[in-house]
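Structure, as structure tokens:
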Amino acid sequence: MDILRCKTPSMIRKEIHIYLLAYNLLRSLMWSAGTTYNTPPNRLSLQGTRHHLINFIPELLAATSTKRQRIYRTLLKVIAHKPVSDRPARSEPRVRKRRPKAYPLMTKPRHELRNQLQTA
């Protein structure tokens, strides 16, 4: 069994489409929750929405259509309950964290380099 199967371009395209669908589903839930409960949708947490949706999916699947509406309203209320605080002037600099080392690259096997150090 080959764990690292080569994916075809059409499979990669399908995966990207699925991720975009999931992202848009979460954003539409955030929009619905924000507009329903008078919370700015851009202040709601994307990951919090994802977490709450995952927790509510079993209840939504098991419910009848009338109960599903109540569960959906509860989901929206939970999503809108705790907005993310405003963080003005937040910026993330585009820098590299690791500094290059002053040592040369290891171009020989470790045991040969060890022998060189011991004889020097």
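Quick notes on this structure:
- Listed by first and then second residue, the pairs with beta-carbon distance under 7 Å, at least 6 apart or on different chains, first residue in segment 46-69 and polar (S, T, N, Q), second surrounded by 11 or more Cβ atoms within 10 Å (Cβ to Cβ), are 49/26; 49/29; 49/30; 49/79.
- Scanning segment 70-106 for residues that are among the hydrophobic types (A, V, I, L, M, F, W, C), closer than 14 Å to residue 29 by Cα and in contact (Cβ under 8 Å) with a residue 24 or more places away in the chain yields a total of 5.
- Any hit, segment 70-91, residues being more than 19 Å from residue 39 (Cβ to Cβ) and of a type in the set (Phe, Trp, Tyr): no
- Scope segment 66-99; condition assigned to a loop (DSSP other than H, G, I, E, B) and of a type in the set (Ser, Thr, Tyr); matching residues: 85, 91
- Condition broken by residue 83, with the remaining ones in (1) surrounded by fewer than 11 Cβ atoms within 10 Å (Cβ to Cβ); (2) under 23 Å from the mean Cα position of the chain (by Cα) satisfied: (1)
- A count restricted to segment 37-65 and to residues that are over 21 Å from residue 86 (Cβ atoms) and either outside any helix (DSSP H, G or I) or in contact with a Cys (Cβ under 6 Å, 6 or more places away or on another chain) (or both) stands at 2.
- Any pair with Cβ under 6 angstrom, 6 or more apart, that starts in segment 14-36 at a residue that is closer than 16 Å to residue 80 by Cβ and ends at one that is at pLDDT 95 or above and of a type in the set (Ser, Thr, Tyr): 26/49; 29/49; 30/49
The values are calculated or read from the model by the stated rules, or taken from the named source; none is laboratory data. Bear in mind the structure is a predicted one, so any value in this text is a computation, not a measurement. Using ideal geometry, Cβ is built from the backbone for each residue, glycine included, and neighbour counts are taken over all protein chains shown.
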